[in-house]
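The next block holds one structure in the form of structure tokens; read it before the comments.
Read-outs: derived from the displayed coordinates by stated rules, not from any lab. For clarity, every value in this text was computed on a predicted model and none was experimentally measured. Cβ: placed from backbone, ideal geometry, glycine included. Neighbour counts: every protein chain shown.
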Amino acid sequence: MTLHLYNTLTRSKEPFEPLEVGHVRMYVCGPTVYDRAHIGNARPAVVFDVLARLLRHLYGRLTYVRNITDVDDKINARSVESGEPIGELTARTTRFYHEDMAALGVLPPDVEPRATEHIGDMIALIERLVVGGHAYAAEGHVLFSVPSMDDYGQLSGRSRDEMIAGARVEVAPYKRDPADFVLWKPSPPELPGWDSPWGRGRPGWHLECSAMSERYLGQSFDIHGGGQDLIFPHHENEIAQSRCAHPGSGFARYWVHNGHLMVEGEKMSKSLGNFFTVHDLLDQAPGEALRLYLLTAHYHQPFDWRAEGLAQARATLDRFYRALERVAEVPLPEAPVVPEGVLAALADDLNTPLAISRMHDLAGALNRAGTVEEQGRLKAELLAAGELMGLLGEAPEAWFRRGLKAGAPDAAHIEAEIARRAEARKGRDFATADAIRDALKAQGIELLDSAEGTTWRVVEPDAG
RNA sequence: GGCCGGGUGGCAGAGUGGUCAUGCAGCGGACUGCAAAUCCGCGUACAUCGGUUCGAUUCCGGUCCCGGCCUCCA
């Protein structure tokens, strides 16, 4: 099965071929750690987590690098504002990020480099650029000379002239060309800074990804990912830095960008009050539901985050887990199974909505299955599909009984009531049976009868 | 202004040059003491106007809307 990916560089869907047989290398732009991750930060993390799982499945070995940006003017500003020292702010925010991503079922990347630990690599990169005539020092700054690169602008598809025509280009007096961008800038004593040949200073934003991707993945690697808003200027400038520092190197070959996220049809922003952090949303729904919801639209499309959509994602997981719960005792086949339909959907440029619909097909077939062998096979396929997507990792019972609140009846009490009700039903005393069921329902416990007996689950009043 | 990406049934959301998306919601039925779940069946959907074609939601062009980016926002 051949993976196809939409490559921003060529604006077309291409068959994927790793540079090295059996080993894929991927770099994804990670968070700037100055605040809790919002749901828009979660989308690329989840999308590229699915891609990472797929790459490991298809090619065996993956080196996945996702950085932590811990030197940045937004961090400095937040620290000044709150009084919290920068080191504590970035360490705390990084910890929160890890917790939130884990709740979303996002596996850790293989390498998670911090910018502040690679300043030496960045300085070395700047020196190469200066020697090669692609960068120059001016007033304590070092700038990348955009006119020094013949084919600048390939990724974003814009010419230098077009950029200069843009009204928002601020031309600092020390720039030789309006399009030039900062590689290194001076730091006053109160801000983080490192000694360099150009004085005490700190790196420009684009530099860290060039330096760290080279350190861990080499001068040429397979996939570079991030949000669509990073295409310009961030990724364009990364390409400029890396390829001019190492003439002849290819840098990243496939550029994969996820679409942006809106909330209830509006652009997400703090002023509109529709700014959701992952942490807040985890109070409203299980992380797995947030994750599934993010995967219900193709990664390339804009995503409109809506409360109703989240409830639907949760209902979808209820359906999958119900199908699995019904065959909880059915053994899995010995040989590993591959869910071909789901795999094919994901291999086609990560078509997660189609993959989910094929998981629905599997769940429906599992509900209809007549023999234990068939049930075992379909159960295994659904679970394997879930693993590729980072879903269905819980025991069905745990899924349905999550959120059992303090003060609610405990499991032993519920089981005793179920037994009492079974006696009543046996004696066809349905009034008593229904009274027991209603009483538990009022306490947030729902009883479900089936041919095999009665099970229970926690009712989520906020599920609608 | 420039560069991108879109407009699919009540909702979400894939896909395709010519009988099927899928899920939720709705309607009917089976099953059930009743619920719930599950199963079966049911919908003249593809912004608009032209063009190409035996045939277009799908290809081409115009129009109208919507969204993103255009120097540090995933």
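Brief remarks follow.
- Cα gyration tensor shape of the range A:306-398, rounded if a/c is under 1.5, else prolate or oblate by comparing a/b with b/c: oblate
- Distant-in-sequence amide H partners of residue A:67 (H built 1.01 Å from N, under 5 Å): A:28, A:30
- In order along the range A:2-16, the phi-based Karplus estimate (6.51 cos²θ - 1.76 cosθ + 1.60, θ = phi - 60°) of 3J(HN,Hα) comes to 9, 6, 10, 10, 6, 9, 4, 4, 10, 6, 8, 7, 10, x, 8 Hz; Gly and Pro are listed as x.
- Pairs of lysine residues in chain A - Cα separation under 17 Å, sequence separation of 8 or more or cross-chain: 4
- Report summary: the helix-based calculation at 222 nm, which adds -39500 (n - 2.57) for every DSSP H run with n ≥ 4 and divides by the residues of chain A, gives -13500 deg cm²/dmol.
- Full extension of the chain between residue A:275 and residue A:308 gives 10.2 nm of extra length, using 0.36 nm per residue less the Cα-Cα distance.
- The label point for residue A:423 and the one for residue A:139, both projected 7 Å from the Cα toward the Cβ, are 8.8 nm apart.
- In plain terms, chain A is cut at each of the chymotrypsin sites (Phe, Trp or Tyr not before Pro) found in a DSSP loop with at most 16 other Cβ atoms within 10 Å, and the longest leftover piece is A:276-464.
- Residue A:397 paired with residue A:20, simple spin-label distance in nm, labels 7 Å along Cα-to-beta-carbon: 4.5
- Shape class of chain A from the alpha-carbon gyration tensor: prolate, with a/c at 1.5 or above and a/b greater than b/c.
- Under 14 Å from the residue A:442 label point (7 Å along Cα→beta-carbon), backbone N, the range A:387-417: A:409
- Shown here for the range A:235-300: GluC sites (Glu not before Pro) in loop regions (DSSP other than H, G, I, E, B) with at most 12 other Cβ atoms within 10 Å, of which there are none.
- For the range A:404-458, dividing the convex hull volume of the Cα atoms by the residue count gives 67 Å³ per residue.
- As a calculated quantity, the FRET efficiency between residue A:229 and residue A:368 at R0 = 45 Å, using C-beta atoms, amounts to about 0.50.
- Hypothetical label at residue A:102: residues of the range A:20-39 whose amide nitrogen lies under 17 Å (7 Å Cα-Cβ projection): A:37
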